[in-house]
Amino acid sequence: LEFRRVLFRSLINDGDCVQWGIGAIPYAVMTALGEKNDLGIHSGIFDDAGMDLVRSGVATGKFKSVDPGLAIAASFFGRPQFYDWLEEEPSLAIRPYSYTHSPTVVANIDNFISINSAVQIDLTGQVNAEMVGSRQLSGTGGSVDFMRGASASRGGKSIIAMNASAAGGKHSRIVGKLAEGITTTALRTDIDYVVTEHGIARLKYLPLEARREALIEIAAPSFRDMLREQASGNT
């Protein structure tokens, strides 16, 4: 976790505007940003991590090119004391999902950083963020909206944050290809940065062969040979 925090500190700069999705990893990333300055917030959700950034003076929204000085979100959830604070905090503004998730609105926010998680990513860059095996755990949410908005933002970045493996290291989350019946939440053309505990892969603009190698390099070491064999068509 600490290594991942270091990686994200290198991708998120002072004055950037951040969005984060639901899940332990996006939450952990947000809690690691206490050393940053003047971050902005424009997100579908706002939680305890966002509260801590606003209360500590880290998230001021000072440099936001849209809604300066305001933290924008559509939904809010946290501990009981979160709601007491929320009621009195003047820098927060509730907007409808049609506004917070609008790729057009997001694209007009300079240096927009979208942080979302995934269940799996295949070696072309396709993302499954909804299913484990045949079980659907969630819907698409707004991750693709924010990815596309961030891609069009001046200085923007879209980040997929995920563990390299699951079930105590038994299964790789980076796979040769998504299995039959698994939904594709995000297209390979929507993916920019992918981060695991083993490093950062930037997939944007890479041809397929280079994408495969970049993703294998951030896979869990015990699965890399298997993934190379799958990539070469030997299995």
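The values are calculated or read from the model by the stated rules, or taken from the named source; none is laboratory data. Bear in mind the structure is a predicted one, so any value in this text is a computation, not a measurement. Here the Cβ positions follow ideal geometry from the backbone for every residue, glycine too, while neighbour counts run over all protein chains shown. Side chains are part of the model used for accessible areas, which takes the heavy atoms of the whole protein and leaves out ligands, DNA and RNA. Shrake-Rupley method; radii C 1.70, N 1.55, O 1.52, S 1.80 Å.
If you go through segment 159-170 and keep only what is assigned to a strand (DSSP E or B) and either in contact with a strand residue (DSSP E or B) (Cβ under 6 Å, 6 or more places away or on another chain) or surrounded by 22 or more Cβ atoms within 10 Å (Cβ to Cβ) (or both), you end up with ILE159, ILE160, ALA161, SER165.
Considering segment 81-95, the residues that are farther than 20 Å from PRO68 by Cβ and either in contact with a Lys or Arg (Cβ under 9 Å, 6 or more places away or on another chain) or of a type in the set (S, T, N, Q) (or both) include one that is least open to solvent (accessible area, probe 1.4 Å), namely TRP85. When THR140, THR104 are screened for being among the polar types (S, T, N, Q) and more than 27 Å from SER10 (Cα to Cα), only THR140 passes.
Inside segment 25-51, residues that are open to solvent by 30 Å² or more (accessible area, probe 1.4 Å), touching a Ser or Thr at 6+ places or on another chain (Cβ under 8 Å) and closer than 24 Å to GLU197 by Cα make up a count of 1.
Kindly check whether there is at least one residue in segment 206-217 that is assigned to a loop (DSSP other than H, G, I, E, B), at negative phi and either of a type in the set (Ser, Thr, Tyr) or surrounded by fewer than 19 Cβ atoms within 10 Å (Cβ to Cβ) (or both).
To start, the set of residues in segment 206-217 that are assigned to a loop (DSSP other than H, G, I, E, B) comprises 206-207.
Checking the rest, the ones that are also at negative phi come to 206-207.
With the extra rule that they be either of a type in the set (Ser, Thr, Tyr) or surrounded by fewer than 19 Cβ atoms within 10 Å (Cβ to Cβ) (or both), the set shrinks to 206-207.
Scanning segment 206-217 turns up at least one residue that is assigned to a loop (DSSP other than H, G, I, E, B), at negative phi and either of a type in the set (Ser, Thr, Tyr) or surrounded by fewer than 19 Cβ atoms within 10 Å (Cβ to Cβ) (or both).
Exactly one residue out of ILE12, ILE41, ILE25, ILE45 is within 17 Å of ASN163 (Cβ to Cβ) and of a type in the set (Val, Ile, Thr): that is ILE25.
Within the set SER98, SER65, SER102, SER56, the sole residue that is open to solvent by 20 Å² or more (accessible area, probe 1.4 Å), over 24 Å from ALA152 (Cα atoms) and at pLDDT 95 or above turns out to be SER56.
In segment 149-158, which residue that is assigned to a helix (DSSP H, G or I), of a type outside the set (Ser, Thr, Tyr) and over 12 Å from the mean Cα position of the chain (by Cα) is surrounded by the most Cβ atoms within 10 Å (Cβ to Cβ)? Give the derivation first.
First pass over segment 149-158, keeping only residues assigned to a helix (DSSP H, G or I): 149-152.
Adding the requirement that they be of a type outside the set (Ser, Thr, Tyr) leaves 149-150, 152.
Okay, now just the ones that are also over 12 Å from the mean Cα position of the chain (by Cα), so 149, 152.
Values: GLY149: 25, ALA152: 15.
Once the filter is applied, the top-ranked residue is GLY149.
Output the residue which, of all residues in segment 130-148 that are among the aliphatic types (A, V, I, L, M) and open to solvent by 30 Å² or more (accessible area, probe 1.4 Å), is modelled with the highest pLDDT. Among them, the one singled out is VAL132.
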